[in-house]
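Visitor: Dropping the structure in here first, questions after.
The values are calculated or read from the model by the stated rules, or taken from the named source; none is laboratory data. Keep in mind that this is a model prediction, so the values were computed, not measured. Heads up, the Cβs are rebuilt from the backbone with ideal geometry, glycines too, and the neighbour counts pull from every protein chain shown. For accessibility, only protein heavy atoms count, side chains too; no ligands or nucleic acids. Shrake-Rupley method; radii C 1.70, N 1.55, O 1.52, S 1.80 Å.
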Amino acid sequence: MFQIVHCLKFITRNQIQTKFKLHNFTKISSPARRSYAINKFYKTTSIIENNDSYGVLLDNSKLKTPLGKELIINNKALALAVAEEWDMQKEHIKTDPMHLTKLCFLAVDNPSDLSEHEVVQQILSYLETDTVFFISDTDNELEKLLMEKWMPLIQKFNGYFDTNLKPSKGISVESLDANTKALVEKYFLSLGFPALHGVLHAVETLKSLVLTTCCLHQDISVKDAVLLSKMEEEYQCMKWGRVDWIKDYVDNDSIIRLSAAMLFIYYTLNPKYKPLAKQDNYTQRQQSLKQ
């Protein structure tokens, strides 16, 4: 029975490959997972300018989105960064680490057909369960640490929106009312549709709209934001030990994703300007946890 099922799967796969001409897809196997990657079909990458907008060229062909639309980018630095992601591909095109490309595709295609209001509602949903509002009181030392690290950021967030949000001991943020949501919603609607996708990507990475907003306003660096979003986990690792390579891999992945989101937001909102460097306090924050 097993051999028959295996044979049927093999025949079906060959029929699909023949019908849809998928022979240029290569199977990539790893201990963690299996996926399919497209063989690299170009040799050079560059950008092309047209009326203050930019496109990406693979050899002499314009890069298009998954839905077949021409990729148009409003910032030269962002276009160069996308071109660099494609230039870094080796034998196979692996889209998983191409975060800027995926954000640009998402902004152009909008595959879920979402309006600005709907994207903002998705962003606001994270405010109701924001990491920094739920401070554990089961460990006095941990509670003191979280209050010390998170309260200043909550206060900055309140200052930006003239709100009065406070940490909660329950399962919801009691101080979050309709007026507060309206104030925050108005601000994010002002950012525009492309930047909102970057904000949503950042919020999904940090599970915190407060940390995302503070990072967006350069109150904290990207590395600091990632560390602060995992403060409870970091505290437990400091107390009970850690498997370094696993923890470092996950943290680095979050840093890469958040960096891409912040660059995308900045360049989308400031098409003719370069970002300012921000001092990184990641090492100092880690050391403070050990004290």
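Visitor: Just to confirm the filter: which trypsin sites (Lys or Arg not before Pro) across the stretch 176-229 are DSSP coil and have at most 16 other Cβ within 10 angstrom of their Cβ?
Guide: Of the trypsin sites (Lys or Arg not before Pro), the ones in loops of the stretch 176-229 whose Cβ has at most 16 other Cβ atoms within 10 Å are Lys207.
Visitor: Oh, and also: Using the Cβ atoms and a cut-off under 12 Å, what net charge is assigned to the surroundings of Lys69, where Lys and Arg are +1 and Asp and Glu are -1?
Guide: In short, 0.
Visitor: A further question on this structure: Bin width 10 Å, origin at 0, all Cα-Cα pairs of the stretch 45-109: what percent of pairs per bin?
Guide: 23, 60, 16, 0
Visitor: Let me check something: with ligands and nucleic acids excluded, how do Phe157, Phe41, Phe105 order by accessible area (1.4 Å probe), largest to smallest?
Guide: Phe41, Phe105, Phe157
Visitor: For the stretch 116-277, give the percent of accessible area contributed by carbon and sulfur heavy atoms, probe 1.4 Å, rounded to a whole number.
Guide: The C+S portion of the solvent-accessible surface of the stretch 116-277 is 55 percent.
Visitor: Now for a separate question. Ratio to report: Rg/Rh of the stretch 116-277, with Cα atoms as the point set and Rh obtained by the Kirkwood method; give two decimals.
Guide: 0.97
Visitor: If ligands, DNA and RNA are left out, what is the accessible area of Glu148 with a 1.4 Å probe, given in Å² to the nearest 10?
Guide: 110 Å²
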